[in-house]
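Below is one structure, written out as structure tokens; comments come after it.
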Amino acid sequence: MTHKPPGPKGDFIWGHTRLYRHDPLTFERTLAREYGDVVALRFGLRRAVLITHPDDIHKVLVAEADKFCKSAVYRELLSRVLGNGLLTSDGEFWQRQRKLVQPAFHHKRIQAYGAVMTEQAAQMLETWRPGEVRPLNRDMMRLTLGIVCKTLFGADVSGDADRVAMALTAVLELVDVALEAPFFLPEWWPSPRRQQQRAVRQILDEVVYGFIRRRRETGDTGDLLSMLLAARGEAGDRMSDRQVRDEAVTLVLAGHETTANALTWTFILLAQSPEAEAHLHAELDIVLAGRLPAVEDLRRLEYTTLVIKESLRLYPPAPTIEREALVDVELGGYRIPKGTIVVIPVHVVHHDARWFPDPEKFDPLRFTKDKEVARPKFAYFPFGGGPRICIGNSFAEMEANLLLAAIAQRYRLRLADSTPIIPKATITLRPSSDVRMRLEARSMTSAAETLNGANAQYRVPSG
Ligand code: HEM
């Protein structure tokens, strides 16, 4: 076993922190290209490795998952606002909480959420007018926020949506700013950012404690909030309101921004890929014939699901996963000492030509069954994997497919500006500025007629 993986020489004091934080997407891609599947880095005094081979990723996330914990950087920064919820907790505490929250994501329950998803999409579409230019990223954010609050907490946030959305965006911006700084200031450090952090917490607390108060008044309605409030630990103890708040805020944050970004990138990609767009429209017209989509339709909306998969490949909404080694481990033939931060750049692996030839091309047909089984499992993992796999993965897939179908059935979205849309990667991968799109109303028949032979290997189902 070789001792140290190859890697670039870093700054004497900061190591690679500044380069990494400044533009992680470019830095990670360059590292993988120049140094291979395991690259040694240093963040200040902390050793780190970047890993990009599916076998090593499988080892960290699945086979030897118990030898790793979440990395301190994300855990500490996020927990300043999210508290101790599923995303930031670890060990036995995390295990107990995951068991408590998991039932809200069981297959049967998720099926029932489908109606809320399309209902909320229909409400949004009522407010759209053909010909207008809209900030799609904001519309998607408001829509997915409404859906996560309604499905999991039975709460209608339409009155509070903008305030909550602003607070949640501020959470991510605070984390961005902290990540871009060469070192982390402790939480008690007096700074304007600390005040902002407190203001954000206050808005989220007001709204979420409001959900909790109302659910206490109405009693058990069978939603996630009722389950969290009723749950008892082994000693018969209940979760404190504070813990319920932390789980709720975590789910609201993790459950809306990611899916909203996925949909925004999907519409950008479709606007730039007329063949794929025509194929999608044809499928929607044939399968739905003008109806709003329902969960039962998803089975037949095959091309729609391929479009979402390919969009999650090109723009994985959670672009990087991080862990910290709890003991010495071996990765790619190198000994990785205890305490090393392991960086898994999902977006680099998703753009690797070994698994995805012509990787920058948007090609939904990469995800037909035969092609999927030919790739290693961890060549594509937008939802992570192993015990800490995204708890909302089926929820998100269903939501993304239903919303894409509901919107694309009615509108063709065109980019209103010619300036390129630059992705910004921190905790999530989002457009660095508003995505203004023009709404063109569609007529049903034209799409089926324009379907050409380019995608003929994939058959549109008959009505
Ligand atoms: C396209 C949408 C989504 C993507 C790409 C995504 C991605 C991810 C990834 C990669 C992780 C694992 C992070 C790690 O291993 O460190 C994760 C965890 C998590 N996600 Fe998602 N997610 C999405 C949607 C959702 C939704 C809709 C919810 C909830 C309603 C959700 C809730 C969570 C939670 C609570 C965790 C932490 C799970 C744990 O550690 O036990 N996510 N997500």
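Ranked highest first by the average count of other Cβ atoms within 10 Å around their residues, in what order do 340-348, 203-211 fall?
340-348, 203-211
Amide H to amide H, which residues 5 or more places from Leu415 or on other chains are under 5 Å from it, using H placed in the peptide plane?
Those lying under 5 Å, H to H, from Leu415 are Arg438.
Using a 7 Å offset from the Cα along the Cα-to-Cβ direction at both Glu360 and Thr419, what is the distance between the two label points in nm, to one decimal?
2.1
For the stretch 382-392, take each phi angle, set θ = phi - 60°, evaluate the Karplus expression 6.51 cos²θ - 1.76 cosθ + 1.60, and give the result in whole Hz per residue in order, putting x for glycine and proline.
x, 9, x, x, x, x, 9, 4, 3, 5, x
Dipole magnitude of the chain about its Cα centre, charges +1 at Lys/Arg Cβ and -1 at Asp/Glu Cβ only, in debye to the nearest 20?
In debye, rounded to 20, the chain gives about 640.
Of the DSSP beta bridges with both residues in the chain, give the percent that are antiparallel, rounding to the nearest 5. Please list the in-between numbers first.
Working: 31 of 35 bridges.
For the chain, the DSSP antiparallel bridge percentage is about 90.
Which one of Ala161, Leu78, Val346 is farthest out on the positive end of the charge dipole of the stretch 17-455, using unit charges on Cβ (Lys, Arg +1; Asp, Glu -1) and the Cα centre as origin?
Leu78
Taking θ = phi - 60°, what integer Hz values does the Karplus form 6.51 cos²θ - 1.76 cosθ + 1.60 yield along the stretch 125-136, in sequence order, with x for Gly and Pro?
Coupling constants for the stretch 125-136: 4, 4, 8, 7, 10, x, x, 7, 9, 10, x, 4 Hz.
For a Förster distance of 35 Å, can you work out the FRET efficiency between the beta-carbons of Phe12 and Glu173, rounded to the nearest 0.05?
After rounding to 0.05, the efficiency reads 0.70.
Would you pull out the residues with amide H under 5 Å of Ile336's amide H, same chain only if 5 or more places away, H placed 1.01 Å from N?
Sorted by chain and number, the residues that satisfy this are Val329, Glu330, Leu331.
Rounded, prolate or oblate: pick one for the stretch 266-403, where a ≥ b ≥ c are the square roots of the eigenvalues of its C-alpha gyration tensor, a/c under 1.5 means rounded, and failing that, prolate if a/b is larger than b/c, else oblate.
Prolate is the answer for the stretch 266-403, as a/c is 1.5 or above and a/b outweighs b/c.
Have a look at Ala121, Gln102, Ser89 and report the one farthest towards the positive end of the charge dipole of the stretch 78-184, computed about the Cα centre with Cβ charges (Lys/Arg +1, Asp/Glu -1).
Gln102
Beyond 32 Å between alpha-carbons counts as too far, so tell me which of Lys309/Lys338; Lys150/Lys424; Lys150/Lys377; Lys67/Lys377; Lys70/Lys424; Lys9/Lys70 fall in that bin.
Working: Lys309/Lys338 35 Å; Lys150/Lys424 29 Å; Lys150/Lys377 34 Å; Lys67/Lys377 21 Å; Lys70/Lys424 22 Å; Lys9/Lys70 26 Å.
Beyond 32 Å between Cα atoms: Lys309/Lys338; Lys150/Lys377.
Step through the residues of the stretch 357-364 one at a time and calculate ³J(HN,Hα) from phi using the Karplus curve (6.51 cos²θ - 1.76 cosθ + 1.60, θ = phi - 60°), rounding each to whole Hz and writing x for Gly and Pro.
My calculation for the stretch 357-364 gives x, 6, x, 7, 6, 7, 9, x Hz in order.
Check cross-link reach from Lys99 to the aspartates and glutamates: straight Cα distance under 14 Å, and skip same-chain residues fewer than eight apart.
Hits, sequence-local ones excluded: Asp90, Glu234, Glu247.
At a Förster distance of 35 Å, what's the computed FRET efficiency of Gln95 paired with Arg299, Cβ-Cβ distance as r, to 0.05? Spell out each step's value before the answer.
Numbers: r = 34 Å, r/R0 = 0.97.
Computed FRET efficiency for Gln95 and Arg299 comes out at 0.55.
Farthest toward the dipole's positive end in the chain, which of Val39, Ala325, Ala406, given Cβ charges of +1 (Lys, Arg) and -1 (Asp, Glu) about the Cα centre?
Positive-most Cα among the choices belongs to Ala325.
Rounded, prolate or oblate: which fits the chain, taking a ≥ b ≥ c as square roots of the Cα gyration tensor eigenvalues, rounded meaning a/c under 1.5, else prolate when a/b beats b/c?
Oblate, since a/c reaches 1.5 and b/c is not below a/b.
Principal axis extents for the stretch 33-160, Cα atoms only, whole Å, descending order, please.
Between the extreme Cα coordinates on each principal axis of the stretch 33-160 lie 52, 39, 30 Å.
With +1 on each Lys and Arg Cβ and -1 on each Asp and Glu Cβ, and nothing else charged, work out how big the dipole of the stretch 314-425 is about its Cα centre, in Debye to the nearest 20.
180
Please check which bits of the stretch 130-173 a label hung off Ala199 would reach, taking the label as a point 7 Å along Cα-to-C-beta and the cut-off as backbone N under 14 Å.
Backbone N within reach: 163-164, 166-171, 173.
Under a plain spin-label model, where a point goes 7 Å from the Cα along Cα-to-Cβ, how far apart in nm are Val327 and Glu275?
For Val327 paired with Glu275, the spin-label model returns 5.1 nm.
Given H placed on each backbone N at 1.01 Å, which residues far from Arg47 in sequence or on other chains put an amide H within less than 5 Å of it?
Correct list: Ile341.
Pop the C-beta distance of Ala63 and Val133 into the FRET formula with R0 = 41 Å and round what comes out to the nearest 0.05.
Computed FRET efficiency for Ala63 and Val133 comes out at 0.25.
Each reported figure results from applying straightforward, stated rules to the coordinates on display, with no laboratory input. Not measured: the values here are computed from a predicted model. All Cβ positions, even for glycine, are placed from backbone atoms using ideal geometry, and neighbour counts span all protein chains on display.
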